[in-house]
Amino acid sequence: MYYKVRIKDTVRIPPNRFSDDLDATVTQIVQKTFEGTMRKQHGLIVVADNIAPQGDGIVIHGDGAMYQKVAFDALTFKPELQEVIDGIVCEIVEFGAFCHIGPLDALVHMSQIMNDYVEVDTDNEIITGKEKKQILKNGDAVRARVVAVSLNELAARESKIGLTMRQPALGSYEWIYVTEKPETEEGKKDKGKKEEKKGKK
């Protein structure tokens, strides 16, 4: 999900920054240029750190700016197929629920929310199971599995990530960690009678 990688690239330093401190200038430009951008190989670059110029810069005739090779450590976010991930429901729509998973959003299609027929109430932002009466609402913490990934390098926020919550131990935390109701005295007696009958057989 999150990775730390070393990336090498080139940045453009405009002429009005030539008199500034090179290291500070390169750090500012690298962070502004690369943070929040998508690379299919590494995923979304969340943070750029330990930034260092590599060798001398090159001035291209007719441009006036300096092109400087740089290397930096990047904290990246890349969802992997079949990975189990935690998220927060951020929007209920007619066809499912969008969830925040780290710095990106992913879709749980209505057919992948639960093992039940569902009713979607977009006005109140609630999805309800018809038989089990399980509820999924805006703000719920969920656990899901990644089933589709299409990263968009031109517009990171338009990347398409698909999730499923239909398997055991997936879904809303309220479903996963539901506590068993305390057993009544009558229930204990009935349970004892059933066990007694089994013993006689």
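The values are calculated or read from the model by the stated rules, or taken from the named source; none is laboratory data. The structure presented is a predicted model; accordingly, all values stated were derived computationally and were not measured. Because the Cβ atoms are built from the backbone with ideal geometry, glycine has one as well, and the counts that use them run over all protein chains shown.
Points to keep in mind about this one:
- Across the range 55-73, the number of residues qualifying as touching a helix residue (DSSP H, G or I) at 6+ places or on another chain (Cβ under 7 Å) and either among the hydrophobic types (A, V, I, L, M, F, W, C) or assigned by TED's automatic domain parsing to the domain that holds residue 122 (or both) comes to 3.
- Number of positions in the range 30-65 that are aliphatic (A, V, I, L, M), loosely packed, with under 12 Cβ neighbours inside 10 Å and closer than 25 Å to residue 157 by Cα: 0
- Screening the candidates 27, 76 for the property of being surrounded by 12 or more Cβ atoms within 10 Å (Cβ to Cβ), touching a residue at least 24 places away in the same chain (Cβ under 8 Å) and touching a Leu at 6+ places or on another chain (Cβ under 9 Å) yields one hit, 76.
- Scanning the range 37-55 for residues being touching a strand residue (DSSP E or B) at 6+ places or on another chain (Cβ under 7 Å) and part of a loop (DSSP other than H, G, I, E, B) gives a total of 4.
- Extreme residue, nearest to residue 159 (Cα to Cα), among residues of the range 66-89 that are of a type in the set (Phe, Trp, Tyr) and under 26 Å from the mean Cα position of the chain (by Cα): 77
- Residue 154 satisfies every condition listed in (1) of a type outside the set (Phe, Trp, Tyr); (2) at pLDDT below 95; (3) under 23 Å from residue 3 (Cα atoms); (4) buried (at least 19 other Cβ atoms within 10 Å of the Cβ) except (4).
- Filter result (without any contact (Cβ under 8 Å) to a residue 60 or more places away in the chain and of a type in the set (A, V, I, L, M)) within the range 30-64: 30, 45, 46, 47, 48, 51, 52, 58, 59, 60
- Of the listed requirements (1) under 26 Å from residue 41 (Cβ atoms); (2) at pLDDT below 95; (3) surrounded by 14 or more Cβ atoms within 10 Å (Cβ to Cβ), residue 129 misses just one: (1).
- Scanning the range 97-135 for residues that are in contact with a helix residue (DSSP H, G or I) (Cβ under 7 Å, 6 or more places away or on another chain) and either of a type in the set (D, E, K, R) or closer than 11 Å to residue 164 by Cα (or both) turns up nothing.
- Take the conditions (1) in contact with a Lys or Arg (Cβ under 9 Å, 6 or more places away or on another chain); (2) exposed (fewer than 15 other Cβ atoms within 10 Å of the Cβ); (3) assigned by TED's automatic domain parsing to the domain that holds residue 160; (4) touching a residue at least 40 places away in the same chain (Cβ under 8 Å); residue 88 misses just one of them, which is (1).
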